[in-house]
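For reference, the structure is listed below as structure tokens.
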Amino acid sequence: MVNHFIPQTFYEALEYRASHPCYIMAGGTDLMVQKFVSSSLLPAFDKDVIYLANLNELNYVKKDENGKVHIGASTKYVDILASEDTPKLMKDIIIEIAGPNIRNMATLVGNIGNASPAGDSLVGLYLLDAEVVLASLKGNRIVPINELIIGVRKLSLRDDEIIKEVIIPTHNELTTYWKKVGSRKAESISKCTFAGAYEIENGVLKDIRLAFGSVSVTVVRNRALEEKLIGLKLNELNPDKVVELYKDAIAPISDQRSKKEYRYKVEMNIVKDFVLKMKGE
Ligand SMILES: Cc1cc2nc3c(=O)[nH]c(=O)nc-3n(C[C@H](O)[C@H](O)[C@H](O)COP(=O)(O)OP(=O)(O)OC[C@H]3O[C@@H](n4cnc5c(N)ncnc54)[C@H](O)[C@@H]3O)c2cc1C
């Protein structure tokens, strides 16, 4: 028989996780869809479920002394949007996730746990070099987001671990850019997404970051390519050159939402727009 467990403390959740094979549920907006069978049948859970959505201990957005923002695993999008500590890029992304109904239930950590190539928040988290705290009875370990997500719906999470929080560096020095392409304004799964960021000092590119979503098994970000652009003067930066640099970086596929050719062309047009905005053109 499949049970659900509602822990009163995070420690209780870790104890249960260590002793029972189980699913972890936060808002359930992915998990319930994945386990849905039919409107007249119970969802098809084949293991117990730990329900974390109401765990107050993990419901927070707080900035530490190093300016990093910690977002707990039970914190819903609506509260992340309301916090003055949430980085602007993450707010720009979250306000376009689903609609108000889902944002009142769903969590940022659930978007990470789902590890979908179309997970919108992941693009911002990769761009800002976010890290994730994985907790177990043995202690915590902190891993960069790109090491936690290892494939489509695949995480390097041990069977006894639960994601406790995500840590996002604020990067106030960066100007950020976000674009989501979907078939409508709200409640839309992305056809493709792009997040960019840059810092300019005395007309020279001090930092630049580009991250692409929904065009590979997970977010595409390549620091080696970014470093080829760092140090260039703004007037040396040509949108076509950046497109040329990134031409082999993404490999979209065709699916029910879009053709690969469409995704590729749209992403490259967005890159051009990002560069032109950076140059103030
Ligand atoms: C109508 C609709 C519209 C949507 N629109 C968007 C959209 O625009 N963009 C987008 O990116 N997504 C969208 N989604 C998907 C979903 O809402 C998001 O991925 C959301 O962030 C999931 O959060 P959740 O708390 O509901 O996760 P859940 O469904 O509870 O969990 C999702 C996954 O994460 C795992 N998980 C949850 N918490 C933890 C934890 N603490 N530790 C380890 N694993 C954990 C679960 O086991 C599960 O595998 C949409 C969904 C619906 C139903």
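The values are calculated or read from the model by the stated rules, or taken from the named source; none is laboratory data. Since the structure is predicted, the reported quantities are computational estimates derived from the model, not experimental observations. Don't worry about glycine lacking a Cβ; one is built from the backbone with ideal geometry, like all the others, and counts go over all protein chains shown.
In the set (1) of a type in the set (V, I, T); (2) in contact with a helix residue (DSSP H, G or I) (Cβ under 8 Å, 6 or more places away or on another chain); (3) modelled with pLDDT of 95 or more, V181 fails one condition alone, (3).
With the structure loaded, tell me whether P87 is within 22 Å of G151 (Cα to Cα), touching a Ser or Thr at 6+ places or on another chain (Cβ under 6 Å) and not assigned by TED's automatic domain parsing to the domain that holds R223 or whether it fails that test. Give the steps one after another, and end with the answer.
Working: within 22 Å of G151 (Cα to Cα): no; touching a Ser or Thr at 6+ places or on another chain (Cβ under 6 Å): yes; not assigned by TED's automatic domain parsing to the domain that holds R223: yes.
No: the conditions fail for P87.
Residues that are among the basic types (K, R) and crowded, with 16+ Cβ neighbours inside 10 Å were ranked within region 203-244; the one that is nearest to K272 (Cα to Cα) is R209. Residue check: N269 meets all listed conditions (1) modelled with pLDDT under 95; (2) surrounded by fewer than 18 Cβ atoms within 10 Å (Cβ to Cβ) but one, namely (1).
Selection within region 7-48: residues that are among the hydrophobic types (A, V, I, L, M, F, W, C) and loosely packed, with under 14 Cβ neighbours inside 10 Å. The member of this set that is farthest from the ligand (Cβ to nearest atom) is L41.
Per the conditions (1) within 20 Å of the chain's Cα centre (by Cα); (2) modelled with pLDDT of 95 or more, the sole criterion not satisfied by A249 is (2).
Restricting the first member to region 106-118 and to residues that are among the β-branched types (V, I, T), and the second to residues that are assigned to a loop (DSSP other than H, G, I, E, B) and near the ligand (Cβ under 6 Å from one of its atoms), the beta-carbon pairs closer than 7 Å and six or more apart or on different chains are T107/A26; T107/G27; T107/A73; V109/A26; V109/A73. If only residues of region 129-169 that are assigned to a loop (DSSP other than H, G, I, E, B) and either of a type in the set (A, V, I, L, M) or not assigned by TED's automatic domain parsing to the domain that holds A53 (or both) are counted, the one that is modelled with the lowest pLDDT is V152.
For region 52-96, filtered to residues that are in contact with a Leu (Cβ under 9 Å, 6 or more places away or on another chain) and without any contact (Cβ under 8 Å) to a residue 60 or more places away in the chain, the residue that is surrounded by the most Cβ atoms within 10 Å (Cβ to Cβ) is Y77.
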